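S.K.: I am attaching a structure below and will ask some questions about it afterwards.
Read-outs throughout are calculated quantities, based only on the coordinates presented, and are distinct from any laboratory measurement. Since the model is a prediction, treat every value here as computed from it, not as a measurement. No Cβ is skipped: glycine too gets one built from the backbone with ideal geometry, and neighbour counts run over all protein chains shown.
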Amino acid sequence: MAHPLHIAFIWHQHQPLYKSMSGSYRLPWVRLHGIKDYLDLVLLLERYPKLHQTVNLVPSLILQIEDYVAGVALDPYLTLALTPTEQLERSQKQFIAEHFFDANHHTLIDPHPRYAALYEQRQANGVDWCAEHWELADYDDLLAWHNLAWFDPLFWDDPDIEHWLQQGQGFTLGDRQRIYSKQQQILSRIVPQHRQMQATGQLEIITSPYTHPILPLLADTDAGRVAVPQMRLPTQRFQWAEDIPRHLRKACNLYHDRFGQAPRGLWPSEQSVSPEILPYIAKEGFKWICSDEAVLGWTLHHFFHRDESGNLYEPDVLYRPYRLETPHGDLAIVFRDHRLSDLIGFTYGAMEPAKAATDLVGHLESIAHAYQARYPDASEEAPWLVTIALDGENCWEFYEQDGKPFLESLYQQLSDHDDLKLVTVSEFLDQFPATVPIAADRLHSGSWVDGSFTTWIGDPAKNRAWDLLTTARHVLASHPEATEDTNPEAWEALYAAEGSDWFWWFGAGHTSNQDAIFDQLFREHLCALYQALNEPIPMELYHPVEVHDTKGDRAPSSFIHPVINGTGDEQDWDKAGRFDVGGARGTMHRSSPIQKLWYGVDHLNFYLRVDFQANVRPGIDCPPELNLLWFYPGQTMHNSPVPLSDLPDEAPLNYHFHHCLGINLLNRDTWFQEAGEDYEWYSRSIRSQVGINECLEVALPWADLPTKPDWALRLILVFSEQGRFRGYLPENSLIPIGVP
């Protein structure tokens, strides 16, 4: 009889080091995620004892949680929440109105009427209006709700929290003080609960390098050129492999102190690996590490092809542990299924919870059936291990009730399933050791992001940050008397600055409304290093690494799943790609009725948003018909010219396209056509969603397009009137789209 399919969930719990050189905390996310994401995840799992999982608690996260529990961590948001509202200055009121709605409003604000009413006032009238017109009672309530809304629904039956939620408004300073005390109580349970569940065998707790640095780049920043040979690197080459064992040793010591044993597993920061770092990991006593399927693909020169449902054609390549030989013993390595991990991280939050859980179980059942078909009587054959590894905190903000209904449905289905078995990574390896070898020097140098390091190096701003770090590291090396024992302040500052998070936010690719704070924190850590050594602080550390102005055109930075209603919700589209149109380009665009184009994807749909200029009425002050035309480069299929008259004979308008979605901006009618033989267009049905109000929003299901995973598509928007060409966007270009 064949084995059941073994599944290893690995949840990665991490936050940047928000503690500044002065000892204060710049941002509140450890505290707020601590009451929403870390404890509830394992408490919920505890209700399903058959299910075993792995959780990674990053050392720098544990230290920050402990600071809040001890009452020595104070962030600006908490300071304001504990300030009597009659003492608030106007600048503080403006800050509160601007930042105390920093949450997904669909899931954390809208469910609470008083919080939602204040949010709607801020959105409709702006920050200055709020500072001018809100009463002190409004600030009392907002300060309370910003803290209340983050309590996980699992804790809503706590008598105090239940009372506050029902109270709704009329909060006092005393209420806010008690809310903070409740936050500390929940934070204090996080590490003990993990320790207890590891003792029972339901959890395996693993760790990461101390402050979450990219170890391959600490060894040598030239590692960036393994995946991207022409990468522009920092002016100075960073080569401090000796810092790797320091980060690993500090992580192990902290782990042993909190959990009473040595860690077996290591989550390399950002799942970043290279041949150079393996001996250090093995020497420190780790038995296994994890990375991404992209790294395995690069290593084996194998491309993971999937069918239309996202299932692998060669699953046996991915769903097994591999063995890495090092001078200090063997390391096992597991590689996560990138798509299944992303479904949880970026897509299922937009679906009905039970349906999303059933979809994931369906994918796992398909993998189990593939194994059973290949090895029907292979009781001696090692089972497949599907590794699902992802961020265990940020994704839940997009789920109904912080993911509780989804996880309950998922865990119940998995508990009832005989062919699916959830395990910790170590218990699987104990029973089925890794036997398939990968020569250590063949392991690809890369991360979970496309198997490269471009998210952390190569961009001009990222490179400037590396140069600042390299200079500071050389200064520390010039002080041999400054050891970790004699000058721990200097070393702690170095470790903080070596963390991956600063480089993530620098430059292109990722942005938030707190980029400037991340920039400041990075430089403050370096300043603290110089101060600890009594060295002069370089002048460049007093200036931002980059200018944090709003940028123009940009590529998507993550999956999106907007509500399609024509309102253009700013949070729904903040990770989308964007083209600035009006006034930004050629003659047509200076007078264009369109201001911006937004585009993005998830595993379900392609999304498009069109922002009109102020006072433009769709279909009246602009052509009434909008045609979305899809071009499939490199794919063999029937294509046809744009089905409009008066079309200029110029690229890209003279390209041939395969699909056309037409939208009447006046009456909201839609039509969908597919190219056939002899340049003909044929009507087809489609389940598109269209919303036209303050803007135009469109969702087009991948299921209605003949696409496959990883295909590259191109899109152009063409305006028409009664079948005649009237203009197109973006000018002299096509919108690039990658199928997930």
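S.K.: Can you list residues from other chains, or at least 5 along the same chain, whose modelled amide H is less than 5 Å from the amide H of Phe9?
M.R.: HN-HN under 5 Å from Phe9: Thr54, Ile388, Val423.
S.K.: For the range 577-738, what does the alpha-carbon gyration tensor say about shape, rounded, prolate or oblate, given a ≥ b ≥ c as the root eigenvalues, a/c under 1.5 as rounded, and a/b over b/c as prolate?
M.R.: It comes out rounded by the Cα gyration axes.
S.K.: So, one more: At what distance in nm do the modelled label points of Ala477 and Gln431 sit from each other, each positioned 7 Å from its Cα along Cα→Cβ?
M.R.: 4.8 nm
S.K.: Also, I was wondering about something else. Could you give the C-alpha radius of gyration of the range 684-723 expressed as a fraction of 2.2 N^0.38 Å, taking N as the number of residues it contains?
M.R.: Rg over 2.2 N^0.38 Å, computed on Cα atoms: 1.45.
S.K.: Round to the nearest 0.05 the FRET efficiency obtained for Ala199 and Arg249 when R0 = 25 Å and r is the Cβ-Cβ distance.
M.R.: 0.55
S.K.: What distance in nm separates the two pseudo spin-label positions at Gln167 and Ile620, each 7 Å out from Cα along the beta-carbon direction?
M.R.: 4.9 nm
S.K.: Could you please report the charge total around Ala357, scoring K, R as +1 and D, E as -1 over all other residues with beta-carbon less than 14 angstrom from its beta-carbon?
M.R.: Details: positive: Lys355, Lys404; negative: Glu352, Asp359, Glu365, Glu400, Glu408, Asp416.
Charge balance near Ala357 sits at -4.
S.K.: Given the DSSP H assignment, sum -39500 (n - 2.57) over each helix run of at least 4 residues in the chain and divide by its residue total; what's the result at 222 nm in deg cm²/dmol, nearest 500? Working shown, then result.
M.R.: Working: 26 runs with 255 residues, N = 740.
About -10000 deg cm²/dmol.
S.K.: Under the 0.36 nm per residue contour assumption, what length would be gained going from the current alpha-carbon distance of Val739 and Asp222 to full extension?
M.R.: The Val739-Asp222 span can extend by a further 183.0 nm.
S.K.: If I stretch the segment between Asp574 and Ala262 completely, what's the gain in nm (0.36 nm per residue apart, minus their alpha carbon distance), one decimal?
M.R.: 108.2 nm
S.K.: Post the alpha-carbon centroid distance, the range 25-89 to the range 316-348, in whole angstrom.
M.R.: Going from one Cα centre to the other spans 29 Å.
S.K.: Bin width 10 Å, alpha-carbon pairs only: give the P(r) of the range 222-312 as whole percents, running from 0 to the bin holding the largest distance.
M.R.: Once binned at 10 Å, the Cα pair distances of the range 222-312 give 13, 35, 30, 17, 5.
S.K.: Name the shape class, rounded, prolate or oblate, that the alpha-carbon gyration tensor gives for the range 650-740, where a ≥ b ≥ c are the square roots of its eigenvalues, rounded holds for a/c under 1.5, and otherwise prolate holds if a/b is larger than b/c and oblate otherwise.
M.R.: Since a/c stays below 1.5, the shape of the range 650-740 is classed as rounded.
S.K.: Then there is this: Can you bin the range 71-185 into rounded, prolate or oblate? Criterion: square roots of the alpha carbon gyration tensor eigenvalues sorted a ≥ b ≥ c, rounded for a/c under 1.5, prolate for a/b above b/c, oblate for the rest.
M.R.: Oblate, since a/c reaches 1.5 and b/c is not below a/b.
S.K.: Stretch Glu314-Ser683 to full length: gain in nm at 0.36 nm per residue minus the Cα-Cα span?
M.R.: Length gained, Glu314 through Ser683: 129.2 nm.
S.K.: Moving to a separate point now. Given H placed on each backbone N at 1.01 Å, which residues far from Asp292 in sequence or on other chains put an amide H within less than 5 Å of it?
M.R.: Those qualifying (amide H under 5 Å, at least 5 residues apart or on another chain) are Arg336.
S.K.: Enumerate the calculated ³J(HN,Hα) couplings along the range 315-329 in order (Karplus 6.51 cos²θ - 1.76 cosθ + 1.60, θ = phi - 60°), each rounded to whole Hz, writing x wherever the residue is Gly or Pro.
M.R.: My calculation for the range 315-329 gives x, 5, 5, 8, 8, 7, x, 10, 10, 10, 8, 10, x, 10, x Hz in order.
S.K.: To make sure I understand the rule: partners must be lysines, Cα under 19 Å from the Cα of Lys50, and not fewer than 8 residues away in the same chain. Which ones qualify?
M.R.: Here the lysines satisfying the reach criterion relative to Lys50 are Lys404, Lys421.
S.K.: Return the percentage of antiparallel bridges among DSSP beta bridges fully within the chain, rounded to the nearest 5 %.
M.R.: 65 percent
S.K.: Roughly how far apart, in whole Å, are the Cα centres of the range 494-544 and the range 690-704?
M.R.: For the range 494-544 versus the range 690-704, the Cα centre distance is 41 Å.
S.K.: Residue by residue, what Karplus-based ³J(HN,Hα) values in Hz, rounded to whole numbers, does the range 685-699 have, using 6.51, -1.76 and 1.60 with θ = phi - 60° and x for Gly and Pro?
M.R.: 7, 8, 9, 6, 10, 9, x, 10, 8, 6, 8, 9, 10, 9, 10
S.K.: Just list whichever of Lys19/Lys250; Lys19/Lys575; Lys250/Lys287 have alpha carbons separated by over 20 Å in the model shown.
M.R.: Lys19/Lys575
S.K.: Could I get the Rg over Rh figure for the range 460-542? Both from C-alpha atoms, Rh via Kirkwood, rounded to two places. Before the final figure, lay out each step's value.
M.R.: Values: Rg = 13.0 Å, Rh = 13.1 Å.
Result for the range 460-542 is an Rg/Rh of 0.99.
S.K.: Hey, what did the chain get for relative contact order, percent, Cα under 8 Å, at least 6 apart?
M.R.: Normalised by residue count, the contact order of the chain is 14 percent.
S.K.: How many angstrom lie between the C-alpha centres of the range 196-218 and the range 261-287?
M.R.: Here the answer is 10 Å between Cα centres.
S.K.: Tell me the label-point distance for the pair Ser24, Asp110, using the 7 Å Cα-to-Cβ offset, in nm and rounded to one decimal.
M.R.: About 3.6 nm separates the two model spin labels.
S.K.: Rounded to two decimals, what is the ratio between the C-alpha radius of gyration of the range 120-260 and 2.2 N^0.38 Å? Don't skip to the answer; put the middle values down first.
M.R.: Working: Rg = 23.8 Å, N = 141, 2.2 N^0.38 = 14.4 Å.
Relative to the rule-of-thumb radius for its length, the range 120-260 sits at 1.65.
S.K.: Semi-axes of the equivalent ellipsoid for the range 501-558, please: Cα gyration tensor eigenvalues, times 5, square-rooted, ordered largest first, whole Å.
M.R.: Output for the range 501-558: semi-axes of 27, 11, 8 Å.
S.K.: Right, here's the next one. Show me the ranking of peptides 85-96, 608-619 by mean Cβ neighbours inside 10 Å, starting with the highest.
M.R.: Numbers: 85-96: 15.4, 608-619: 18.0.
Put in order of decreasing packing, that is 608-619, 85-96.
S.K.: Determine ³J(HN,Hα), in whole Hz, for all residues of the range 265-282 in sequence, where each value follows from phi through the Karplus function 6.51 cos²θ - 1.76 cosθ + 1.60 and θ = phi - 60°; x replaces Gly and Pro.
M.R.: In residue order, the calculated couplings are x, 10, 8, x, 3, 6, 6, 8, 9, 6, x, 5, 8, 4, x, 5, 5, 5 Hz.
S.K.: Hey, how much of the P(r) for the chain falls beyond 44 Å, as a percent of Cα pairs? Before the final figure, lay out the partial values.
M.R.: Values: 77345 of 273430 pairs.
Across the chain, Cα pairs with separations above 44 Å total 28 percent.
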